[in-house]
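Structure first, commentary second.
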Amino acid sequence: MKPSKQVEEVLQHIRECSPGQNEFYQAVDEVLFSLLPLLNEDSRYREYNILQRIVVPERTVIFKVNWLNDKGKIETNLGYRVQFSSTLGPYKGGLRFHPSVNLGIIKFLGFEQIFKNALTNLGIGGGKGGSNFNPKGKSENEIMKFCQAYMLELYRHIGKHTDIPAGDIGVGAREIGYLFGQYKKITNEFDGILTGKGINWGGSKVRKEATGYGSVYFAENFLNANNDSIKGKICTVSGSGNVAIYTIEKLYYLGAKPITCSDSRGTIYHKKGIDLTTLKAIKEITYQSLEVYAKIHHDAIYIPTHKYPKGGHSVWHVPCDIAFPSATQNELTLVDVKALYKNGCKLINEGANMPTTPDALEFIKEKGILFSPGKAANAGGVATSQLEMSQNASMQRWTFSEVDIKLHQIMRDIFDTVYKTSIEFDSKGDLIMGANIAGFRRVANSMIEQGAV
Ligand code: NDP
């Protein structure tokens, strides 16, 4: 059977057996079609049915989370942990707490995580989890109660040699602290079963900054390969969470000017450059909407979502040299990417997971805009998580600069691997293909060596 036919059969099969999981189909479509040059060259992947095997998680856990709200009433949410692939090491990937979470979203994230983790060249498998719990509007006490209730079930499925979750949307240092405390209470063990821990109790320096810093390091490598650099560039960034904030911070360090950020309610455009101190205060301390930013900085423009262009997001309609989508999936549409192109944007560097819609990706390829896929560009977070695990296992504590130097080197190595793989398959500069083939090849070859279990 021709590889393209086999890919189509696999895609049809997952649609039939996992109905309604649109984000998961989108992620699998993108990966499998970009593997065709490799599948045409090496028949082993077909002989061992690697495609059919790799799209099915090794284990999926869905559980009920009952927790007590401040009014003394029980609330019920769904909890998930998808343990997708342990081929390269224990399952590793974040937890997302957001009302939009469902099985399809966790599966898409877990699937992407397999290849992202493979690209780091470290010994980590792929997984993802979370809940449809909405942290917005909840008190500190309610968030703690929810985290404790969630861990009451999750603890059975994780372990330092089995599965080591971390943060994602809605799960930062505070939530990791509550989850860790509960795990310790239940098991009576102080173990490195989560990453993103507090610096005082087993966390690593730079973990908080790692995804954003790594994303900027990746962009710098890509620009350098094109005889350019980040210095002096005008940058638009979406989101105002962990990834966005530390992308903005590193952009300033490297001499660029980030002029936007956004949240689920609106976009800030601050022509003279985003004020990082204000942003951190609003999003890391008081947990407020970005509207507050414009009340503090009267020269900044706040655009609420109801004023966004039809089918698009205002953040991408501000002229820039580089765009850093760093909020969530499918936040960069065809309408948006046309505006970026018209305004002369040179590079789109994905900080979020799958932020670009499939039609926007087609347009990007057609117009030859430089594009860094998230599974490579945002891999700095998980790579530094692995550095946290190494420090926990060896009881060492590395300094900020020691970890940052390692992160910098890992991002360079990921870029080199992805870029060289794109050249090997005659698609110089198509980093989507480079990332998917390089990640897949490492996992698939290891599966074959392990008996493709
Ligand atoms: P945070 O929760 O810290 O921040 C998410 C940001 O995105 C917030 O500003 C949030 O706004 C905004 N956002 C979330 N959902 C939507 C939506 N539906 N529409 C508009 N804005 C939205 O998450 P992170 O910064 O950790 O994660 C951002 C992205 O990066 C995600 O795709 C995540 O999977 C990915 N990622 C994260 C890593 C990490 O280490 N944290 C590692 C690799 C990838 P609001 O506050 O209003 O909800």
In whole Hz, with x marking every Gly and Pro, tabulate ³J(HN,Hα) for region 415-420 from phi via Karplus 6.51 cos²θ - 1.76 cosθ + 1.60, θ = phi - 60°.
4, 4, 4, 5, 5, 5
Using label points projected 7 Å from each Cα along Cα→Cβ, tell me how many nm separate residue 423 and residue 2, to one decimal.
3.1 nm
With r as the distance between the Cβ atoms of residue 227 and residue 298 and R0 = 45 Å, compute the FRET efficiency 1/(1 + (r/R0)^6) and round to 0.05.
0.65
Which of 315, 285, 192 sits farthest toward the positive end of the charge dipole of the chain, with +1 on the Cβ of Lys and Arg and -1 on the Cβ of Asp and Glu?
285
Based on the Cα atoms of region 383-430, what semi-axes does the equivalent ellipsoid have, where each is the square root of 5 times one gyration tensor eigenvalue, given in whole Å with the largest first?
31, 10, 6
Could you tell me what percent of the DSSP beta bridges with both partners in the chain are antiparallel, to the nearest 5?
60 percent
Could you check the simple spin-label distance between residue 272 and residue 17, using points 7 Å along Cα→Cβ, in nm with one decimal?
5.9 nm
How far apart, in nm, are two points set 7 Å out from the Cα along the Cα-to-Cβ line at residue 395 and at residue 63?
3.1 nm
Once the convex hull of the C-alpha atoms of region 210-372 is built, how many Å³ does it hold per residue, rounded to a whole number?
97 Å³
Using only the Cα atoms, what convex hull volume per residue in Å³ does region 142-195 have?
71 Å³
Long-range alpha-carbon pairs in the chain, meaning those over 40 Å apart, account in percent for 14 percent
Cα-centre dipole for region 106-236 with unit charges at Cβ (Lys and Arg positive, Asp and Glu negative), debye to 20:
160 debye
So which aspartates and glutamates can residue 283 reach, going by Cα to Cα under 19 Å and dropping same-chain residues fewer than 8 places off?
140, 142, 168, 175, 209, 249, 263, 275, 291
If you keep only loop residues by DSSP, which GluC sites (Glu not before Pro) in region 189-276 have at most 13 other Cβ atoms within 10 Å of their Cβ?
189
Work out how much length residue 9 to residue 160 would gain on full extension: take 0.36 nm times their residue separation and subtract the Cα-Cα distance, in nm to one decimal.
50.7 nm
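Calculate the all-directions average of the projected area of region 3-190's alpha-carbon convex hull, and give it in nm².
11.4 nm²
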Karplus-derived 3J(HN,Hα), 6.51/-1.76/1.60, for each residue of region 183-196, Hz, glycine and proline x
4, 5, 5, 6, 9, 6, 10, 9, 10, x, 8, 9, 10, x
Which percent, nearest 5, of DSSP beta bridges in region 3-190 are antiparallel?
70 percent
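Taking the Cβ-Cβ separation of residue 307 and residue 53 as r and a Förster radius of 35 Å, what is the calculated FRET efficiency to the nearest 0.05?
So the FRET efficiency works out to roughly 0.15.
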Kindly write out, for region 283-294 in residue order, the coupling ³J(HN,Hα) from the Karplus curve 6.51 cos²θ - 1.76 cosθ + 1.60 (θ = phi - 60°), rounded to whole Hz, with x marking Gly and Pro.
9, 9, 10, 9, 6, 10, 7, 5, 3, 4, 4, 6
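No lab work stands behind these numbers, since they all come straight from the coordinates. Here the structure is a predicted model, which means the values were calculated and not measured. Note that we place each Cβ from the backbone using ideal geometry, even for glycine, and neighbour counts take in every protein chain shown.
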